[in-house]
Amino acid sequence: AIGLLVGFLTAWLLKRLDDPPIEITLSLLTPFVAYLPAEQLHVSGVLAVVSGGLLLSSKRQSMLSYRSRLEGVNVWTNIVFVLNGLIFFLIGLQLPSIIKQLDDTSLATAIGYGLAISFILIVARLICTYGAAIFTRFASHFITVADANPGWKGPMIFGWAGMRGVLSLAAALSIPLLAGAQPFPYRNLILFITFIVILVTLVFQGL
């Protein structure tokens, strides 16, 4: 709710501006405006930023001028590149402390869980892409589709290219530290498994 509120207010303001530097600066400040109030109210700042970002992303064609979109793409491309590198750097720094807090789960078992879930995610994505291809072929008998015969190569590439990174980590980090008065069960194990999934999908699938 906080993220959507900030998103609507930002969209309303951006529609009334016609100055690319100011609009880009506002887009840089918006995530902080969503995150900080949510954290002060003891709810997830990460989810507030994600929900507000999804709303603004869906409205960018109507609320930004072409000049702002062109200049904004250049700015955000560089920022995203730097932040992705920084995030993975921070993951590496945090990993030793996560491993120490796996509690009663051994490191080998945790790695096994991570590899198993990585395998399930890869297979599930391939099933989805081939399922979509089969459905498209079936639907082509009744309606006009973009490609009546997708073949097997395209869905394979789409399925294999489903690398998971920062969004997976954001979802894992949105898990609260406490469940009531007790620590959230297996939170560090979930973070470790997410790290394994990121590593497998980026390094193995990416290469």
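The values are calculated or read from the model by the stated rules, or taken from the named source; none is laboratory data. These figures come from a predicted structure and were not determined experimentally. Heads up, the Cβs are rebuilt from the backbone with ideal geometry, glycines too, and the neighbour counts pull from every protein chain shown. These area figures cover heavy atoms from the full protein model, side chains too; ligands, DNA and RNA do not enter into them. Shrake-Rupley method; radii C 1.70, N 1.55, O 1.52, S 1.80 Å.
General remarks:
- Candidates in the stretch 160-187 are the residues that are modelled with pLDDT under 85 and in a helix (DSSP H, G or I); of these, the one that is nearest to the chain's Cα centre (by Cα) is Leu167.
- If you go through the stretch 60-72 and keep only what is surrounded by fewer than 17 Cβ atoms within 10 Å (Cβ to Cβ) and either farther than 16 Å from Leu13 by Cβ or not small (Gly, Ala, Ser) (or both), you end up with Arg60, Gln61, Tyr66, Arg67, Arg69, Leu70, Glu71.
- In the stretch 1-57, the residues that are of a type in the set (Val, Ile, Thr) and closer than 17 Å to Ile175 by Cα: Val43, Val46, Val49, Val50
Table: residues versus (1) free of Cβ contacts under 8 Å to residues at least 12 places away in the same chain; (2) under 26 Å from Asn84 (Cβ atoms); (3) open to solvent by 30 Å² or more (accessible area, probe 1.4 Å); (4) of a type in the set (A, V, I, L, M).
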| residue | (1), (2), (3), (4) |
| --- | --- |
| Ile111 | no, yes, yes, yes |
| Ile134 | yes, no, yes, yes |
| Thr144 | yes, no, yes, no |
| Ala148 | no, no, yes, yes |
| Ala172 | no, yes, no, yes |
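- None of Ile198, Ile190, Ile157 is open to solvent by less than 40 Å² (accessible area, probe 1.4 Å), assigned to a helix (DSSP H, G or I) and β-branched (Val, Ile, Thr) except Ile198.
- For the criterion of being surrounded by 15 or more Cβ atoms within 10 Å (Cβ to Cβ) and either assigned to a helix (DSSP H, G or I) or not acidic (Asp, Glu) (or both), Ala116 fails.
- Residue tally, condition out of contact with any Leu (no Cβ under 8 Å at 6 or more places or on another chain) and assigned to a helix (DSSP H, G or I), over the stretch 95-113: 9
- Note on the stretch 4-16: residues that are open to solvent by less than 90 Å² (accessible area, probe 1.4 Å) and free of Cβ contacts under 8 Å to residues at least 40 places away in the same chain amount to 1.
- Yes/no for Ile117 being closer than 30 Å to Pro150 by Cα and in contact (Cβ under 8 Å) with a residue 40 or more places away in the chain: yes
- Filter pass, Ile91 being open to solvent by less than 80 Å² (accessible area, probe 1.4 Å) and closer than 17 Å to Leu189 by Cα: yes
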